[in-house]
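To keep things clear, I will list the structure first and then write my remarks on it.
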Amino acid sequence: MEPCDEIDLLMNKVSICDRCKSFTERLSSVPGDGYGRAEILFVGRAPGKEENIQGKPFVGQSGRLLDSLIAELGLEREEVWITNLCKCYPEADRANTEDEIMNCMSYLLEEIRLINPKVIVVFGQQPNKALLGIQTNLTAHTETYRDASDRIYVPMVHPASVLKDASGRMQAAWESRKEFLKDLWQRQSELNK
């Protein structure tokens, strides 16, 4: 079976998932979306209200900020893979429970395995803790990580945090990591030529 067929099957499983109680709070599950052989993958925490309605990740205000980041990398949304750690909208946009994270983690790990990206951008505290085991202040975080498959993980503040922050700290962290990511992506692209 081709990886793209397998990713379609996995996303179908996500769309009917009832592993935890959060499926009762959603209008629709929000599977990952994009190019099934993308070289860059973006991971958020969970769908927001707009994503819950449309059934696609990052389509609200945070999605517009992500779209501008993707464009600055010289890419289009259709060339990347966009997903979330948790696939259902957490009512009132609450933090996801450990049970929800545990039940969705296998979906995310399978997405990563099937798509096999070179770079994974991880937005926000919960996805960074779940995927990388890091609990840190993401506004000051400058590390990157590699896994056994030589994928590069880039922790970043979540676009929603940037939009909600009146102090400007999140925006400054976003801009700094965005410049780092643009440089990393350019070097990665040159290696692939």
Checking residue 178 against (1) charged (D, E, K, R); (2) closer than 20 Å to residue 67 by Cα; (3) within 17 Å of the chain's Cα centre (by Cα); (4) surrounded by fewer than 11 Cβ atoms within 10 Å (Cβ to Cβ), only one condition comes out false. Which one? (4)
Determine if segment 94-111 includes at least one residue that is touching a strand residue (DSSP E or B) at 6+ places or on another chain (Cβ under 8 Å), among the polar types (S, T, N, Q) and under 12 Å from residue 46 (Cα atoms). no
Can you tell me how many residues within segment 145-193 are more than 14 Å from residue 117 (Cα to Cα) and of a type in the set (Val, Ile, Thr)? 2
Would segment 147-162 turn up any residue that is closer than 11 Å to residue 41 by Cβ, of a type outside the set (Ser, Thr, Tyr) and surrounded by 20 or more Cβ atoms within 10 Å (Cβ to Cβ)? yes
For segment 113-145, give me each residue that is farther than 12 Å from residue 158 by Cα and either surrounded by 20 or more Cβ atoms within 10 Å (Cβ to Cβ) or in contact with a Gly (Cβ under 8 Å, 6 or more places away or on another chain) (or both). 114, 115, 117, 119, 120, 130, 131
Restricted to segment 33-56, and to residues that are of a type in the set (Asp, Glu) and not in a loop (DSSP other than H, G, I, E, B), which residue is surrounded by the most Cβ atoms within 10 Å (Cβ to Cβ)? 51
Mind telling me which of the residues 30, 59 ends up being in a loop (DSSP other than H, G, I, E, B), closer than 19 Å to residue 101 by Cβ and among the β-branched types (Val, Ile, Thr)? 30
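Restrict the check to segment 62-79 and report whether at least one residue is farther than 14 Å from residue 127 by Cα, modelled with pLDDT under 90, under 15 Å from the mean Cα position of the chain (by Cα) and hydroxyl-bearing (Ser, Thr, Tyr). If you could, list the steps in order and put the result at the bottom.
Initial filter on segment 62-79 (farther than 14 Å from residue 127 by Cα): 62-79.
Checking which are modelled with pLDDT under 90 leaves us with none.
No: zero hits.
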Would it be correct to say that residue 29 is surrounded by 15 or more Cβ atoms within 10 Å (Cβ to Cβ), out of contact with any strand residue (DSSP E or B) (no Cβ under 8 Å at 6 or more places or on another chain) and among the hydroxyl-bearing types (Ser, Thr, Tyr)? yes
Given (1) part of a loop (DSSP other than H, G, I, E, B); (2) among the aliphatic types (A, V, I, L, M); (3) under 15 Å from residue 107 (Cα atoms), where does residue 14 come up short, assuming only one miss? (1)
Filtered residues of segment 73-105 (kept if among the charged types (D, E, K, R), under 22 Å from residue 37 (Cβ atoms) and surrounded by fewer than 22 Cβ atoms within 10 Å (Cβ to Cβ)): 76, 77, 78, 79
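The values are calculated or read from the model by the stated rules, or taken from the named source; none is laboratory data. All figures in this text were calculated on a predicted structure; none of them were measured in a lab. Neighbour counts are summed over all protein chains in view; Cβ atoms, including those assigned to glycine, are modelled from backbone coordinates with ideal geometry.
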